[in-house]
Structure formats: C-alpha cells, structure tokens
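Encoded as structure tokens, the structure appears first; notes follow it.
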C-alpha cells in the first residue's frame, strides 16, 4: 500500500534508529519491531518482542492474497489502517453466546469470527488474553496470530501458550502489550503489503 508518511513519523523513526540499531534483524522482524517501538515509545520491546521471520513472511503473503483480518476488540480494529477487519465483540449475538457458554465476550467473539472467516485469516489480539486462549483452543489454522494482549491476568500465559503452540505468531514475553502495539505489528506488514 502506498502511503504518505508524516514528518513527525519520519522524525520519530530517526530518533528510534539513533537510540537503537536494529539493522541486524531480518527485514520483516525489523519492520515489526520498529513499528511497535515507534507506537509505544518503549525500547524494551526490542528484546521483549518475539518474532519469527518465516511466520511474518507467511502473514504478509496471506495479506497480499486478501486474507481476512480479525481483531479482538474495537480499539485494535481502529488502529489497523488500510484494511477492513472482522470484530464481532460488540454484537448482541456475541454477548448472548458468552452468557450461554459461560465465557468472556472476547472468547465468544473469537468463535463467531472463526465461523465467518475460516482458516487462513490473520488474527490480531491486543486486549483480551481470553481471546488468544480461545483462538489457541480452536482449529483455526491461522496464517498469522499477532498475540499481544495486555494485563496481569492471563496475558503472559496466553502469549507463552501461543509460542509453544506451533502456530505462526508474534508475541512478547511479559504482561505488557495492548491495542496500539498489536495494531502496530500488523500495520508494519500492511505497509509492506503492496511492495515487492
């Protein structure tokens, strides 16, 4: 996708690159890491983020092929630029399923979204650890999972589970994360989507 880069973003990247040299990273891992650090102003993501170049390449290929993008919450969806997302968390049917199944709305939204998109989607979880846990429990066969939920309850554990699941993913090792960093990780790939 061709986009105009604002001078503030250019300056932000100049400062980031002045503070940390990431040229040793593989190209997609570097793009994701820089975009997450840029979005959060948190240099600790340089060592905390867990990326796999092969998984990122698969996610980029899926995006280039028009794979659907699923977001766990509206804040993640709002941060994703240039691509429509599937995000049923606020729908009445999601609340109903959550009550009936005794699960969180975020987990119910994952079930509903999977019914809509099927295998091969790109999933972006930035808020709800229960969404990531639910996704891992299903046979979703994702193209990529950006698993960066935030919180003291279940966030680190759900991300660790993603890393050992064998699914193609992006995560980090701790409790931090959030909508902005999850959307930023995906945006790094979306900004490369139109490039060859």
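The values are calculated or read from the model by the stated rules, or taken from the named source; none is laboratory data. Since this is a predicted model, take the numbers as computed values, not measurements. When we count neighbours, we look across all protein chains shown, and the Cβ atoms used for this are built from the backbone with ideal geometry, even at glycine.
Structure notes:
- Residue ID - nearest to the chain's Cα centre (by Cα), chosen from residues in segment 16-72 that are part of a strand (DSSP E or B) and within 20 Å of residue 163 (Cβ to Cβ): 70
- Segment 33-47 residues that are over 19 Å from residue 169 (Cα atoms), paired with ones that are buried (at least 23 other Cβ atoms within 10 Å of the Cβ) and at pLDDT below 95 (beta carbon under 7 Å, 6 or more apart): none
- The set of residues from segment 73-82 being over 25 Å from residue 16 (Cβ atoms) and either out of contact with any helix residue (DSSP H, G or I) (no Cβ under 8 Å at 6 or more places or on another chain) or assigned to a helix (DSSP H, G or I) (or both) comprises 74, 77.
- Number of the exception - residue 17 against (1) in contact with a helix residue (DSSP H, G or I) (Cβ under 9 Å, 6 or more places away or on another chain); (2) surrounded by fewer than 18 Cβ atoms within 10 Å (Cβ to Cβ); (3) closer than 20 Å to residue 176 by Cβ: (3)
- Any hit, segment 153-163, residues being more than 22 Å from residue 108 (Cα to Cα) and at pLDDT below 95: no
- Residue in segment 87-108 that is outside any loop (DSSP other than H, G, I, E, B), touching a helix residue (DSSP H, G or I) at 6+ places or on another chain (Cβ under 7 Å), in contact (Cβ under 8 Å) with a residue 60 or more places away in the chain and more than 24 Å from residue 26 (Cα to Cα) present: no
- Within segment 149-173, the set of residues being touching a helix residue (DSSP H, G or I) at 6+ places or on another chain (Cβ under 6 Å) and in contact (Cβ under 8 Å) with a residue 40 or more places away in the chain comprises 149, 168, 169, 170, 171, 172, 173.
- Among (1) modelled with pLDDT under 95; (2) within 19 Å of residue 45 (Cα to Cα) - the single one residue 180 does not satisfy: (1)
- Check on residue 71, within 23 Å of residue 176 (Cα to Cα) and buried (at least 20 other Cβ atoms within 10 Å of the Cβ): yes
- Residue in segment 51-71 that is more than 17 Å from residue 190 (Cα to Cα) and in contact with a helix residue (DSSP H, G or I) (Cβ under 6 Å, 6 or more places away or on another chain) present: no
- Criterion applied to 145, 125, 117, 181 was being under 19 Å from residue 73 (Cα atoms) and either touching a residue at least 60 places away in the same chain (Cβ under 8 Å) or surrounded by fewer than 16 Cβ atoms within 10 Å (Cβ to Cβ) (or both), and the one residue passing it is 181.
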